[in-house]
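Since the structure comes first, as structure tokens, the remarks are kept for the end.
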């Protein structure tokens, strides 16, 4: 057997092996990953009955616990205002009346505090799951509690975003990352065969070109992240809930609801004349529950809520809450 013949046999063997590896990798690439194999419900968990679920979103305005966090230096957090016990009682009463399956609160100190509040004040409401990604140097966070299991939470606080089309008076462009902590996305499982991604938001406040640019930078980051999720699953359901500090016809909201760059755009089910701020005499809307096109068929109702008189609502917060009711199964 000649040396060249042996070489030919070896080359054929290696080539055949490579072809088999490529074929195997391509077949694996085509198979969707079974998340149920690694993310499961607690072994003793029973899903609540009923065909729908309810979500509440509310900016509760500097809602803090009675204790000073030694790592946060802020006068309000260091020494809570005298009306906090009254506000706490009213919020508890409102949450009981709302009876939502999922609660997203903005400007709330921590999920640890929310869990303690739920366990002490309304344990029979069966909120079992709590999450947040708190800021390291600020006391107002976005938190969530749920009767349904939750999965992976994605935080954006470590990301730096540009201020699109903004140049300072000194002619300099800017970036920021100190407010991206007030954004996260988390998987929620209302039933065994239905899930969605919930994004809790509290975007940059304030008017003027700089604040608008900061919000647009945040929106662009979310758009890129949503497209990454949709690349993984084009049928993924999504809800955005929170204080977006933008009016319905603003550029910032348009980045989500006008399908600018999104593979599956968002829809605002409420009329532009529905207002949420200030709570005792609403004159504009800053608060939203948005759904993407995939999830829009499951929307039954989204509305602004008054649990008490306008003056009493103002004691709790300067924002009014929103609730949304959704079906737990896909609707064509």
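Each reported figure results from applying straightforward, stated rules to the coordinates on display, with no laboratory input. Just so it is clear, the structure is predicted and the values come from calculations on it, not from any experiment. Note that each Cβ is placed from the backbone with ideal geometry, even for glycine, and that neighbours are counted across all protein chains shown.
Look at 96, 281 and count the other Cβ atoms within 10 Å of each Cβ; fewest to most, that gives 281, 96. Among 317, 158, the ranking by other beta carbons within 10 Å of each residue's beta carbon, starting with the fewest, stands as 158, 317. Modelled spin-label separation between residue 280 and residue 152, with each label point placed 7 Å from Cα along the Cα-to-Cβ direction: 4.6 nm.
Considering only DSSP beta bridges whose two residues both sit in the chain, what percent are antiparallel, to the nearest 5? Around 75 percent of the beta bridges assigned by DSSP in the chain are antiparallel ones. Remark: relative contact order (the range 207-265) = 42 percent; criterion is Cα-Cα distance under 8 angstrom and separation of 6 or more residues. Return the whole-Å distance between the Cα centroid of the range 276-317 and the Cα centroid of the range 129-197. Cα centroid to Cα centroid, the span is 20 Å. Gain on full extension, evaluated as 0.36 nm per residue between residue 191 and residue 126 minus their Cα-Cα distance, stands at 21.8 nm. The residues 275, 288, 45, when put in order of fewest to most other Cβ atoms within 10 Å, stand as 45, 275, 288. Helix 3-30 axis versus longest C-alpha principal axis of the chain: approximately 20°, rounded to the nearest ten. Quick one: compute the contact order of the range 51-327, relative version, from alpha carbon pairs under 8 angstrom and 6+ residues apart, as a percent. Over the range 51-327, the number comes to 19 percent. Distance between the 7 Å Cα→Cβ label points at residue 303 and residue 329: 2.5 nm. Relative to the longest principal axis of the Cα atoms of the chain, the long axis of helix 209-232 lies at roughly 40 degrees.
Relative to the current alpha-carbon distance between residue 99 and residue 82, full extension at 0.36 nm per residue lengthens the span by 3.4 nm. Dividing the Cα radius of gyration by the Kirkwood radius, what Rg/Rh value follows for the range 175-332? Here Rg/Rh amounts to 0.96. Here the gap between residue 263 and residue 167, fully extended at 0.36 nm per residue and compared with their Cα-Cα distance, gives a gain of 31.6 nm. Here the spin labels are modelled as points 7 Å beyond Cα on the Cα-Cβ line, and at residue 45 and residue 271 they lie 3.9 nm apart. Computed from Cα positions, the angle between helix 111-121 and the longest principal axis of the chain comes to roughly 50 degrees. Based on the reciprocal of the average 1/r between different C-alpha atoms, the Kirkwood radius for the range 51-327 equals 19.0 Å.
Shape of the range 42-173 from the C-alpha gyration tensor: oblate (a/c of 1.5 or more and a/b not above b/c, with a ≥ b ≥ c the square roots of its eigenvalues). If a spin label sat at a point 7 angstrom from the Cα of residue 74 along the line to its beta carbon, the backbone N atoms of the range 92-126 nearer than 11 Å would be those of 107-110.
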